[in-house]
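Input: a single structure, listed below in structure tokens.
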Amino acid sequence: MMRITWIFSLCVWLMALPAWAADEPSVTDDAAAVEEKAPATETNQGDLGDPLAFDVEWAALGVGGGNYWGVLRGEFFTLKYSYFYWNILNGVTHFPGGGYIVSQGGTELGLRVPLGVENRHEVRLGLGLGVGVFPSKSEGDYQDAPCSKFGEEFFKLIVATHASYLYHLFDWLALKSGFELRVPAAKLGDDLGCEMHAPEIFAYVGVAF
């Protein structure tokens, strides 16, 4: 009788064993569950790259206006480091009226501060030095030009302060706006009877790439 009972118990245990094995989670199932529970993270960092890595901004172009009417502004070859930048060459052309054009060129050093999610926002504060070229008056033309002698041009040293904001669309393209104050610091060359004009204040919008 004991032998029959033992054999019956063994058969019941063997019959229940597949059900227990099916209920027990496997290592594969655990890994799949962890993978399923892990939140999917999407990032556009690949679109922007590392904002603190060294990079070259080839050009920035903007249009605007200020106390000298319309202005065209360009920047070329800006070297961007972690928290500062050097704009090797920039130029500004004003259309102050009176039939003449004022052009300036220079260089600029400053700080750059990436901000926000993925560092899409950036603020720059710079100080620049340059030279301005002003036409003189001539008979029938440029009667409002700053120089009294005819047929000459007036050169002056320019000190500039520049604040700008950039929104990076991609690592190679950004929307840019800025505010700049350019102050005449000294006359260069012969005194042609030219007057030191008032500081230039203007704002602009454009793109950087």
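Throughout, read-outs are computed from the coordinates displayed, never taken from laboratory work. None of the values given here were measured: they were computed from a predicted structure. Counting neighbours? That spans all protein chains shown, and the Cβs are built from the backbone with ideal geometry, glycine included.
Quick notes on this structure:
- The length gained on full extension between Leu181 and Val133, counted as 0.36 nm times the residue separation minus their Cα-Cα distance, comes to 15.6 nm.
- Paramagnetic reach from Ala203 in the stretch 60-100 [backbone N under 13 Å; point 7 Å along Cα→Cβ]: 64-67
- Couplings for the stretch 112-118, taken from phi via the Karplus curve 6.51 cos²θ - 1.76 cosθ + 1.60 with θ = phi - 60°, read 10, 10, x, 9, x, 5, 6 Hz in order; Gly and Pro are left as x.
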